[in-house]
Amino acid sequence: MVTPDIKELKREMKDVEQAVAEALDYAGKLGSSAVECAISRSRGINVGTRLGEVETVEFNQDGALGITLYRGQQKGSSSTTDLTPAAIRAAVEKANDIARYTSVDPHAGLAPAELMATDIPDLDLCHPADQSAEFALEQALQCERHALKQDERIVNSDGAGYSSHVGYRVYGNSHGFLAGYLQSRHSLSCALIARSGEAMQRDYSYTVGRHRDQLWSPEQVAEDAAQSTLARLDSRKIATAKVPVIFRADVANSLFGHLVSAISGGNLYRKSSFLLDHLGKQVLPDWLTITEQPHLRGGLASSPFDQEGVATKARDIISDGVLQTYLLTSYAARKMDMQPTGHAGGIHNWEVTRQDKSLQQLCREMGTGLLVTELMGQGVNMVNGDYSRGAAGFWVEQGEIQYPVEEITIAGNLKEMLSNIVAIGNDVDLRHGVRTGSVLVDSLRIAGT
């Protein structure tokens, strides 16, 4: 068994905090007006198997110290993987030299000092696990072998993979902020190919968690992958129509992912968002609320502070359908004459309103329409919200799944799609930063035969 020692990790993180402190101090001696340093280090293993044979075994350890130094409104950046005092000083000097020659940017700088996190709660984010090749390969091989035994129609495998990583993030700046936290992430996946006649279909399953005990067993992943793949056999094309659509929970998060992009500062100050100037306005149905819970213990997107040291806090993103906040880094906030919101680096555990309805009940409520289980392509225009993506899933009639469908395109407008959400199920997928159930949208165009 090769399990990282959490006490050793804490000691290593303290040493890195000292290296960051030295970099900040040296930058001050060079006459910088402000400076920030960050490092995310991770160590772990990735393995892959295919058809019961070992395909890859990768041990990795990475993480560089990034230094951003300001001379007034001029900014220079550099990085180093060598944390010896001499290497750190050399990196700081390079950042300082670069800053001398960059253009003045009136919006450059650190996040406001008063927004720095003052309390760093233990969010239970780090649970080291066995990182030996033997254990990792056992998980992947056990999963894939079990999957291949599920049905004679499963004729091939795209492989199984297991990964386990543990590490930490440290951030400090010249406001006097210096803190870090430990984190871990483990996952197991399996992809299969099934045949019916001359046609073949592929699907997969996976599990992910901070704690290895949160993962599904290899058998559960295998059986879920097999069921998903077999369900897609004998897929048909359907006629072009305009019908209600259910985005199954594992793809529904992408719908809210577009919402994240639309209310993020970078798109807003560039005026490339379909929700420009929508703060305080209705963007979702009045029964729908989205809250953010950054301090959720063990959450996959939990964090005590963002990538600029700004304290994260629980907040309503959408309340009764009304947009309550944009998602702003300090740079975007200055561009927009607003306050940073603690979203440098992304969102933190969005909890979407759910109703006490299973996926089966959503299908009955829909009546006739499309259940989407896979989305393909990037046909999304963030400026006007036009949406067009390849899809696969199941055709539903009279509230019951009839048969799988493929080679279709779904199209609409994101602004209308979000406002026309009819219901959200209780089948919440916890494997994403957006925790949502399946989403029923009133009506979308389906391009088929």
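The values are calculated or read from the model by the stated rules, or taken from the named source; none is laboratory data. Everything numeric here is computed off the predicted structure, so don't read it as measured data. Methodologically, a virtual Cβ is constructed for each residue, glycine included, from the backbone with ideal geometry; neighbour enumeration extends over all protein chains shown. Side chains are part of the model used for accessible areas, which takes the heavy atoms of the whole protein and leaves out ligands, DNA and RNA. Shrake-Rupley method; radii C 1.70, N 1.55, O 1.52, S 1.80 Å.
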Check: In deg cm²/dmol and to the nearest 500, what is the mean residue ellipticity at 222 nm of the chain if only DSSP H runs of at least 4 residues count, each as -39500 (n - 2.57), divided by the residue total?
Finding: -7500 deg cm²/dmol
Notebook entry, point to check: In degrees between 0 and 90, to the nearest 10, how far off the longest principal axis of the chain does helix 6-29 point, with axes built from Cα atoms?
Noted result: 50
Next item on the list: Could you order 56, 325, 81 so the one with the most accessible surface comes first? Probe is 1.4 Å.
Entry: 81, 56, 325
Next item on the list: Could you provide, to the nearest whole Å², the per residue accessible area of the chain with probe 1.4 Å?
Entry: 44
Item checked: Environment charge of residue 130, counting only residues whose C-beta is closer than 14 Å and scoring Lys/Arg +1, Asp/Glu -1 -> -2
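How do 382, 116 rank by accessible surface area computed with a 1.4 Å probe, from largest to smallest?
So, going from the largest accessible area down, we get 382, 116.
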Note to self: Leaving ligands and nucleic acids out of the surface, order 157, 103 by accessible area at 1.4 Å, largest first.
What the structure shows: 103, 157
Check: Of all accessible surface on the chain at a 1.4 Å probe, what whole percent is carbon and sulfur?
Finding: 46
Margin query: Pairs of alpha-carbon atoms within less than 8 angstrom and 6+ residues apart define the contacts here; what relative contact order does the chain have, in percent?
Written below: 15
Margin query: Under the rule a/c < 1.5 gives rounded, and otherwise a/b versus b/c splits prolate from oblate, where does the chain land using the Cα gyration tensor?
Written below: oblate
Next item on the list: Any chance you could check the Cα centroid distance between the range 8-34 and the range 82-147 for me, in angstrom?
Entry: 14
Checklist line | Per-residue SASA entry for residue 256, accessible area with 1.4 Å probe, Å² rounded to 10 | finding: 0
Next item on the list: Give a residue-ordered list of calculated ³J(HN,Hα) values for the range 391-404 (Karplus: 6.51 cos²θ - 1.76 cosθ + 1.60, θ = phi - 60°; whole Hz; x for Gly, Pro).
Entry: 8, 9, x, 9, 7, 10, 9, 6, x, 10, 5, 9, 6, x
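With a ≥ b ≥ c taken as the square roots of the eigenvalues of the C-alpha gyration tensor of the range 190-287, please select rounded if a/c is under 1.5 and otherwise prolate if a/b is larger than b/c or oblate if it is not?
Oblate, because a/c is 1.5 or more while a/b does not exceed b/c.
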Notebook entry, point to check: Among rounded, prolate and oblate, which fits the range 1-57 when a ≥ b ≥ c are the square roots of the eigenvalues of its C-alpha gyration tensor, a/c under 1.5 means rounded, and a/b larger than b/c means prolate?
Noted result: oblate
Next item on the list: In whole angstrom, note down how far apart the Cα centers of the range 267-301 and the range 365-420 are.
Entry: 22
